[in-house]
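Read the figures in this text as sums done on the coordinates, not as results from a lab. This one's a predicted model, so the numbers in the text were calculated from it and none came from an experiment. Positions of Cβ are backbone-derived with ideal geometry, glycine not excepted, and every protein chain shown enters the neighbour counts.
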Amino acid sequence: MRQPATTIDLRRDLVGLLPRLRRFAITLAGEAAVADELVQTVCLRAIAKGHQWNGEGRLESWIYTLARQQWTDDSRKRKPKASARGNVTDIRDAARDRSASVDPDAIHRMISEMPDGVSSVFLLVDVEGHSYQQAADIMGISAASVVSQLAAARLHFAGLAGTHPIHRY
């Protein structure tokens, strides 16, 4: 039996979104293994609910919304546990020495160690290029909340790099 073209296109487009979806999942989960499980669940859910995708707006916004909803649903099922996240690599040394390279895993850890929601908003707006309103729609919050969480994320990074006036030596 042949599948409809929209299902095939959704699957093709979903494959193209996987790296960005994984980054977004890491901001939610904080750990790569848990994020990978979330990505797999979201992909299965997107394919199963493909008929609900109306083709309007950005597909990635719909996928990110599915991911956030799935994470919220899964979080309700899990018991709170202590964070297994490691220590953040101090990027102040790298900021002082511009020739040093920053470990991408350290950057992922720094993003994932931000408070819940803040890292996701940072990724959506500053990394993925979504508008404040698109990020608000994906996260299920107001645009004003996006602005305040984005400011918190930027201050967080400025503090780590020692570039914020309050944190300079």
Inter-label distance for ALA143 and ARG76, nm, one decimal - labels placed 7 Å from Cα along Cα-to-Cβ: 2.9 nm
Euclidean distance between Cα centres, segment 145-160 to segment 17-61, Å: 24 Å
